[in-house]
Amino acid sequence: MSGSAQVRISEVGPRDGLQSVKATMPTADKCRWISALAAAGLREIEVGSFVPAKLLPQMADAAEVVRHALTLTTAYPGLRVMALVPNRRGAEAALAAGVHKLTLPVSASEAHSLANVRKTREQMVEELRCVVALRNERAPGVPVEVGLSTAFGCTLQGAVAEDDVIRLALACVQAGVDEVGLSDTTGMAHPAQVRRLFTRLRVELGERAGAAHLHNTRGLGLANCLAAFDVGVRSFDSSLGGLGGCPYAPGASGNVVTEDLVFMFEAMGVSTGVDLSKLIAAREPLKAGLPGEPVYGMTPEAGLPKGWTDASLRA
């Protein structure tokens with residue numbers, strides 16, 4: 001976390017959001033959007049994924065977008081440019097582009113793993129070993145993060161055993177990754193489950209327990225984030241305007257809205273390092289680049305409360 005921020009908000013809209021919509025945002029618009037996100041104070045931005053363009057044409061310009069994002073680090077020190085990679089080939093391309101952090105999806109559900117990356121869970125752990133070896137050889141300072149997809153349930157498989165989630169998280173750490181977080185890919189989580197599973201994860205993994213990636217599919221996104229915060233999680237993924245979901249998990253819409261998440265924490269007196277007015281302004285380049293695409297968020301619709309700029313009125 002940078003500066004005096006007490007929680008890290010990792011903006012995943014330019015990757016998770018854009019790969020989940022049918023339209024492809026022009027590269028110039030992506031770059032303007034990412035610039036606006038950085039200007040708002042976000043210091044970790046997942047700017048794209050290095051996957052075959054034939055599978056996700058929305059991500060075909062990932063290397064160009066990374067190069068732009070890297071130019072912002074002069075104006076915004078501490079900005080970490082992150083990309084998702086599904087395998088060693090993607091990691092090679094991402095490291096060549098100069099990313100600061102790699103994140104890989106490993107699914108707790110076997111059915112989702114096969115649909116999403118066409119590999120079993122065990123094969124993905126082996127892929128992790130290859131990516132970690134590549135990182136150690138070419139860019140030892142670049143962290144490798146795993147987000148455990150479908151950790152709270154799967155639309156294809158149904159229930160996912162919590163013991164399986166913890167066992168897989170430990171296998172990822174043993175493969176050499178720096179951080180393992182939990183993802184509610186399908187929006188099936190509830191606060192008691194989030195509290196229980198993140199508590200177990202933190203007991204087993206210690207400082208390698210990572211981010212909460214939660215969805216608002218059933219209206220519980222912020223409640224689940226607060227449950228994770230209450231048991232010690234300090235890193236949260238979210239998407240501006242609630243853009244995104246998972247193209248390989250039917251019905252899984254609705255990332256947590258960054259604007260609402262920042263408002264919740266700041267209203268509680270928990271610093272995010274993000275300027276909420278500038279964050280809301282960052283919706284404009286998003287809407288310009290994806291005309292007609294619905295964007296969500298209670299805070300932008302309601303506006304900021306009177307006196308919001310006076311920190312003494314919060315918490």
Theoretical gain in end-to-end length, Glu137 to Glu207 [0.36 nm per residue, Cα-Cα removed]: 22.8 nm
Two-decimal log10 I(q)/I(0) for the stretch 8-313, as the Debye equation yields it once each C-alpha is a single scatterer, q = 0.09, 0.12, 0.16 Å⁻¹: -0.39, -0.72, -1.38
Euclidean distance of C-alpha centroids, the stretch 199-247 and the stretch 27-57, integer Å: 21
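Arrange Met268, Met82 by Cβ neighbour counts within 10 Å, fewest through most, would you? Kindly include the intermediate steps, with their values, before the conclusion.
Numbers: Met268 14, Met82 25.
Sorted ascending by nearby Cβ count, the order is Met268, Met82.
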The chain - mean residue ellipticity at 222 nm from DSSP helices (-39,500 (n - 2.57) per run, n ≥ 4, rounded to 500): -12000 deg cm²/dmol
Dipole moment magnitude, nearest 20 debye, the stretch 102-242 about Cα centre, only Lys, Arg, Asp, Glu C-beta charged: 120
Residues whose placed amide H lies under 5 Å from that of Ser107, excluding near-sequence neighbours: Ser149
Exposure proxy ranking, count of Cβ atoms within 10 Å, fewest first, for Val270, Val160, Val47: Val270, Val160, Val47
Nonlocal amide H pairs with Ala211, under 5 Å, H built at 1.01 Å: Gly181, Leu182
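Which trypsin sites (Lys or Arg not before Pro) does the stretch 1-100 hold that lie in a coil by DSSP with at most 10 other beta carbons within 10 Å?
Taking the stretch 1-100 and a limit of 10 other Cβ atoms within 10 Å, the loop trypsin sites (Lys or Arg not before Pro) found are Lys22, Lys54.
Going down the list Lys22/Lys287; Lys30/Lys101; Lys54/Lys101; Lys22/Lys278, which pairs span over 22 Å between their C-alpha atoms? Show your work: numbers first, answer last.
Details: Lys22/Lys287 14 Å; Lys30/Lys101 19 Å; Lys54/Lys101 24 Å; Lys22/Lys278 27 Å.
Beyond 22 Å: Lys54/Lys101; Lys22/Lys278.
Dipole size in debye (nearest 20) for the chain around its Cα centre, Lys and Arg Cβ +1, Asp and Glu Cβ -1?
Numbers: 31 positive and 32 negative charges, 57 e Å.
With Lys and Arg at +1 and Asp and Glu at -1, about 280 debye.
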Protection proxy ranking, peptides 119-125, 202-208, average beta carbon neighbours within 10 Å, highest first: 119-125, 202-208
Virtual spin-label span in nm between Asp163 and Ala96, 7 Å along Cα→Cβ: 4.5
Orientation-averaged projected area, Cα convex hull of the stretch 80-176 (nm²): 5.8
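Each reported figure results from applying straightforward, stated rules to the coordinates on display, with no laboratory input. Keep in mind it's a predicted model, so treat the numbers as computed, not measured. For neighbour counting, all protein chains shown are included, and Cβ atoms are generated from backbone atoms with ideal geometry for every residue, glycine included.
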